[in-house]
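First up is the structure itself, then whatever we jot down about it.
Just so it is clear, none of the values below were taken in a lab; they were calculated from the coordinates. Just so we're clear, the structure is a prediction, and the values are computed from it rather than from any experiment. When we count neighbours, we look across all protein chains shown, and the Cβ atoms used for this are built from the backbone with ideal geometry, even at glycine.
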Amino acid sequence: MDLIQTIILGVIQGLTEFLPISSSGHLVLAQHFMGVQNQGILLEINLHMGTMFAILIYYYDEIKQLLRSAIKNRENSREYIISLCVATIPAVFTGLFLKSYIEATYTASLVKYMLIITGLMVGSTYFFKNKIEKEIVVITAFYIGIAQAFALLPGISRSGIVISVALMLGIQKDKAAKFAFFMAIPVLIGAGLLQLFSIDLQPSVSFMQLLAGFISSAVTGYLVINWLLSVISKGKFYLFSLYCFTVSITAFMLLK
């Protein structure tokens, strides 16, 4: 894999990480159709860290205010952080104990099926548009966290399944999206730290490739966040299901 291909994968990651269309699924399909040898989880984590950086930059002021309020022991901020921690637990345990099984699923043949599931989840939010809006509490955060654990499979969109479940539970649209973005931070940091212990087991990826992938995914991801929030606020989130179904059908036709 050359530098240009890495940048392309970074752009794909940035475009698809926050949109409910599965960044991991698109990366697997992109590598397959570009004839790029599977680079392992290292490159995947690196690209996700780029989009995590985009979240930190975009929500910098809100994250800073949340942490300051928590330090001052303000109840709402403390409960919000506790909810984020609870929502992270299912994905952490799934990633730790099923790591080898999850890595084995990163194949194009599986992605086409998982994209259908993502499409069904995202499309179903159409029927929950008028649901009574609720606040995020610990129990709903745990349910959302279970949904996030399934997104470790390629083709299952993390933002798609997390925001969909949050909307089904009655969480207000903008709050659901922000909570989904904030949930990504501890999960991606944890995954990156875990990867440090097995980095020598991964296929060789140069530092320049990792840097190029990180920058391209971060910049593209930052540009996408604001647009997605606008789409969600207008109640058009379910329309992304059509894209998932289209990509899945295309993959069925092209993949043998």
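If one computes P(r) from the Cα atoms of the stretch 3-254, what percent of pairs lie at distances over 24 Å?
Result: 44 percent of Cα pairs exceed 24 Å.
Of the candidates LEU96, LEU242, LEU29, which one comes out as most mobile in a Gaussian network treatment of the chain with C-alpha springs shorter than 10 Å?
Residue with maximal mean-square fluctuation among LEU96, LEU242, LEU29: LEU96.
Could you tell me the calculated FRET efficiency between ILE89 and GLU135, based on Cβ-Cβ distance and R0 = 22 angstrom, to the nearest 0.05?
That gives a FRET efficiency of 0.65.
LEU110 to SER206: extension gain in nm, 0.36 nm per residue of separation minus the Cα-Cα distance?
Length difference between fully extended and current span is 31.8 nm.
If you average 1/r across every pair of different Cα atoms in the stretch 42-185 and take the reciprocal, what Kirkwood value do you get, in Å?
About 16.1 Å, per the Kirkwood formula over Cα pairs.
Gap in Å between the Cα centre of the stretch 207-246 and the Cα centre of the stretch 89-152?
Taking the Cα centre of each part, the stretch 89-152 and the stretch 207-246 sit 17 Å apart.
From the cross-link list LYS64/LYS112; LYS72/LYS236; LYS131/LYS178; LYS72/LYS129; LYS99/LYS134; LYS72/LYS175, which pairs have alpha carbons spaced over 30 Å apart?
Beyond 30 Å between Cα atoms: LYS64/LYS112; LYS72/LYS236; LYS72/LYS129; LYS99/LYS134.
Rounded to the nearest 500, what is the chain's calculated 222 nm mean residue ellipticity when only DSSP H runs of at least 4 contribute -39500 (n - 2.57) each, over all residues?
-25000 deg cm²/dmol
Is the shape of the stretch 25-83 best called rounded, prolate or oblate, per the rule: a/c under 1.5 gives rounded, else a/b larger than b/c gives prolate, else oblate, with a ≥ b ≥ c the square roots of the Cα gyration tensor eigenvalues?
Prolate.
Over the chain, calculate the relative contact order: mean separation of alpha carbon pairs under 8 Å at least 6 apart, over the residue count, as a percent.
40
Hey, in the GNM for the chain with a 10 angstrom Cα cutoff, which one of LYS173, LYS99, LYS129 fluctuates hardest?
So, out of LYS173, LYS99, LYS129, the one fluctuating most is LYS99.
Please identify the DSSP H helices in the chain that span no less than 18 Å along the helix axis (Cα) and have a mean Kyte-Doolittle hydropathy of -0.5 or more.
The answer, listed by residue number, is 3-17, 40-58, 75-97, 108-124, 138-150, 173-196, 207-233, 240-254.
State the extension gain, in nm to one decimal, for the chain segment bounded by ARG68 and ASP2, taking 0.36 nm per residue of separation less the distance between their alpha-carbons.
That pair, ARG68 and ASP2, stretches by 19.4 nm at full extension.
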